[in-house]
1. What nm value, rounded to one decimal, do you get for the distance between ASN170 and GLU64 when each label is placed 7 Å out toward the C-beta?
2. Using the Cα gyration tensor of the range 75-123, with a ≥ b ≥ c the square roots of its eigenvalues, what is the shape: rounded (a/c below 1.5), prolate (a/b larger than b/c) or oblate (neither)?
3. Out of the range 70-166, which chymotrypsin sites (Phe, Trp or Tyr not before Pro) are coil in DSSP terms and have no more than 14 other C-beta atoms within 10 Å?
4. How many nm separate the modelled label positions at ASP120 and ASP207, each set 7 Å beyond the Cα in the direction of the Cβ?
5. Indicate the gyration tensor shape class of the range 118-201 (rounded, prolate or oblate), computed on the Cα atoms with a ≥ b ≥ c the square roots of the eigenvalues: a/c under 1.5 is rounded; otherwise a/b larger than b/c is prolate and the rest oblate.
6. Test of the criteria: in the range 114-184, which GluC sites (Glu not before Pro) are in a DSSP loop and have at most 16 other Cβ atoms within 10 angstrom of their Cβ?
Amino acid sequence: MSKKTNYSYIGIAFIILVFGIIFIPKIIDRITNKDVIRNESRSDYATENKSVGSNLAFIEINGEPKKVPAFSFTDQNGKTVTNKDYEGKVYVIEFFFTTCPTICPRMNRNLIQIQNTFKDFGDFGVASFTINPDYDTPEVLKNYAEQYGVTNPNWHLMTGNKETIYKLANEGFNLYTAEEAEVAGGFEHSGNFALIDKNGFIRSRKDVFGNPIIYYKGIVSEEEKVDDDGSPEEISALKEDIKKLLNE
């Protein structure tokens with residue numbers, strides 16, 4: 001090996017030594033003072049946090065967080081209930097009807113389970129909107145609530161103008177609702193729940209890619225995969241996220 005080559009190696013080693021002495025302490029100092037933030041991969045983050053970030057996502061439309069549209073309906077007690085009655089509360093939204101022969105019974109059994117989990121929280125509620133208001137009068141809704149065991153005073157089963165309810169579902173929440181004579185029960189609708197924070201914003205956890213899932217599946221049954229407390233996995237996830245919002 002020539003002297004010229006040796007000098008080259010010595011020069012490179014000297015440069016590395018100088019870089020280590022001068023720059024590495026500065027980089028460490030910047031990290032210590034949070035000027036540089038370590039960016040973990042999404043896959044590692046999802047594994048460690050079970051696909052849930054430290055904060056629940058806001059659902060954004062055109063860059064703006066999506067808020068619950070204003071509404072005013074009559075509940076099972078004949079009381080007028082508006083979105084303002086839910087201010088300062090975390091709540092779950094569903095669209096259903098009392099004569100539903102398919103998914104609604106499962107949805108409401110899951111909501112009863114959630115209600116019982118948060119029975120000691122005065123700032124938790126549920127907003128249920130019937131998509132068959134012609135039949136679901138306040139009296140019918142009250143009987144339905146008693147049948148299922150609705151005890152939370154912040155759980156309002158609401159009825160009102162059909163067109164207004166359908167607009168709230170399809171445009172306000174993008175939860176599909178339609179009257180369809182050919183399907184069982186005469187109506188089609190989403191079996192999903194929306195989760196609302198104390199300020200009226202729609203919130204959700206994130207998937208493994210960091211995207212909000214937007215809604216929670218309300219139609220899971222006891223026969224599906226369950227967690228330690230016996231709840232279907234999707235309902236356990238919703239419970240966890242309700243707790244997070246209650247603590248915000």
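1. For the pair ASN170/GLU64, the computed spacing is 2.3 nm.
2. It comes out oblate by the Cα gyration axes.
3. Answer in residue order: TYR135.
4. 3.7 nm
5. oblate
6. Those that pass, being in a loop and sparsely packed, are GLU180, GLU182.
Quick note: the coordinates plus some simple rules give every number you see, no bench work behind them. Since the model is a prediction, treat every value here as computed from it, not as a measurement. With ideal geometry, Cβ positions are generated from the backbone for all residues, glycine too; neighbour counts draw on all protein chains shown.
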